[in-house]
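Inspection log for the structure reproduced underneath, given as structure tokens.
The values are calculated or read from the model by the stated rules, or taken from the named source; none is laboratory data. Owing to the predicted nature of the structure, the values given are computational and were not obtained by experimental measurement. Quick reminder, even Gly has a Cβ in these numbers, built from the backbone with ideal geometry, and neighbours come from all protein chains shown.
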Amino acid sequence: MKTTRNIDPDFLSLLELKEKSIIDLFKDLREYVLDIHPNSNEMLYHTHALTSVFSISEKLADAFCMINIYSNHLNLGFNKGTLISDPHKLLAGTGNLIRHIPIASTADYSNKKVKDLVKAAVAFAIKDMDQPTTAIGKTISKIKK
């Protein structure tokens, strides 16, 4: 089942500056994450990368994954990647918490191993959450105009 959620116009205007292949890959990966957890709140940032963060609340601390869009590649990042089970050793990185999967094609994420990893990240975020939220399925832009 495909989840349809419009992309924020400010985010889209920055995304459209990327190569078409990166744009298409981002859109597909975004739908993939939203299909796994349709109630996600999506927080949007533009810092060193154009980033779409998926959270179970309106807080970054409750995020379970993110898509970082760079000049010529994407990463599917896991905010608490060092704390979730990664039995297939999919995650790369050396940070204290964040880990990622480099994304070059749909084959890098469109499989049961990655789906299970995203589900594990969602379950961990729910368990780790400080307090319940009423924000469900919202887009929260942190992009400065």
If I ask for residues that are surrounded by fewer than 16 Cβ atoms within 10 Å (Cβ to Cβ), assigned to a helix (DSSP H, G or I) and either within 17 Å of the chain's Cα centre (by Cα) or not small (Gly, Ala, Ser) (or both), which ones from region 2-22 would you list? PRO9, ASP10, LEU12, LEU14, LYS20
Here are some residues: SER110, SER57. Which one is of a type in the set (S, T, N, Q), out of contact with any His (no Cβ under 9 Å at 6 or more places or on another chain) and modelled with pLDDT of 95 or more? SER110
So for region 79-96 (the condition being of a type outside the set (A, V, I, L, M, F, W, C), closer than 23 Å to LEU17 by Cα and either modelled with pLDDT of 95 or more or in contact with a strand residue (DSSP E or B) (Cβ under 8 Å, 6 or more places away or on another chain) (or both)), does at least one residue qualify? no
Name the residue that is nearest to ALA120 (Cα to Cα), counting only residues in region 25-67 that are more than 10 Å from the chain's Cα centre (by Cα) and of a type in the set (Val, Ile, Thr). ILE36
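This table checks each residue for (1) touching a helix residue (DSSP H, G or I) at 6+ places or on another chain (Cβ under 6 Å); (2) touching a residue at least 24 places away in the same chain (Cβ under 8 Å).
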| site | (1), (2) |
| --- | --- |
| LEU50 | yes, yes |
| VAL53 | no, yes |
| ASP62 | yes, yes |
| MET66 | no, no |
| HIS73 | no, yes |
| ASN79 | no, yes |
| ILE84 | yes, yes |
| LEU91 | no, yes |
| THR94 | no, no |
